[in-house]
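What follows is a single structure, written as structure tokens, with notes after it.
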Amino acid sequence: MNKRKTFIIQGHQDELERIVALFESGELNNLLGIKILDVGMISAERVKAEQAMSLASQSLIESVNTELDLYRVWLDSLWQKGLQPAVRSSQSITGIKLIQFQDNSVELLITISSLSPTEIQIFLQVRPPAGKGYLPVGLKASIFDEFGEIILEKSADNHSNILDITYGQRFTCELNDSFTVGLTLGNETVKEDFPG
């Protein structure tokens, strides 16, 4: 595939006007032996301003890339979704959200650990409120990808006091990844989108 190139030619006004006239007549393509898509005149001040803007935007992009930390992005998202901080260490944090069904409630725990500035590992659990008692029998927890396909699914049985959805799985997210946790009890389903 041919790449397009932009050339800037400096010169006197009358010389540049002659180049524009050659382009408009179609002679410029023949003289140079290449296809010219467009010719226009801009002032030197405009060129300098565009170069300065390009340098400024490049600097901004570089600073965003160096400061990009997916762990911090997810932290902000969790708190905005109403999760309450529970356990924090230098490498991970756990947030808790109370999920209310008509006759029952459970707590959704999400722990995120930073693997790199652009990748995190996620651990998901469901437990009874305050971690006391047992989960409702038949509670089903599912993780869906961004297309609605089930990635993981687990159900609580008799005397389950915790449902570790991601146990034994390496569940990671990178930039722009998202998923949904669905908790189903009887005919009720509650869904939470992450990062949210």
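The values are calculated or read from the model by the stated rules, or taken from the named source; none is laboratory data. All values reported here derive from a predicted model rather than from experimental measurement. We place every Cβ from the backbone using ideal geometry, glycine too, and count neighbours over all the protein chains shown. These accessible areas exclude ligands, DNA and RNA; they are computed on the full protein's heavy atoms, side chains included. Shrake-Rupley method; radii C 1.70, N 1.55, O 1.52, S 1.80 Å.
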Q | Fraction in percent of alpha-carbon pairs per bin - 10 Å, region 91-136 | A | 26, 43, 22, 9, 0
Q) Do any GluC sites (Glu not before Pro) in region 118-183 lie in a loop, going by DSSP, with at most 12 other beta-carbon atoms within 10 Å of their beta carbon, and if so which? A) GLU146, GLU149
Q.
What distance in nm lies between label points placed 7 Å from Cα along the C-beta direction at PHE147 and SER25?
A. 5.8
Q. Between ASN158 and SER113, what FRET efficiency follows from the Cβ-Cβ distance if R0 is 25 Å, with the result rounded to 0.05?
A. 0.20
Q) Distance in nm between label sites at HIS12 and GLU188, each 7 Å beyond Cα in the beta-carbon direction? A) 8.6
Q) Straight-line reach from LYS132: which aspartates and glutamates have a Cα under 12 Å away, not including same-chain ones fewer than 8 places off? A) GLU107
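In region 84-158, what chymotrypsin sites (Phe, Trp or Tyr not before Pro) fall in a loop by DSSP, with at most 11 other Cβ atoms inside 10 Å?
For chymotrypsin sites (Phe, Trp or Tyr not before Pro) across region 84-158 that sit outside H, G, I, E and B with at most 11 neighbouring Cβ atoms in 10 Å, the list reads PHE147.
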Q: Note down the accessible area of ILE36, probe 1.4 Å, to the nearest 10 Å².
A: 40
Q. When the solvent-accessible surface of protein heavy atoms is calculated with a 1.4 angstrom probe, in what order do SER90, SER25 fall, highest first?
A. SER90, SER25
(Q) Just to confirm the filter: which trypsin sites (Lys or Arg not before Pro) across region 136-187 are DSSP coil and have at most 13 other Cβ within 10 angstrom of their Cβ? (A) ARG170
**Q.** Kirkwood Rh in Å, taken over region 110-192 so that all alpha-carbon pairs contribute
**A.** 13.6
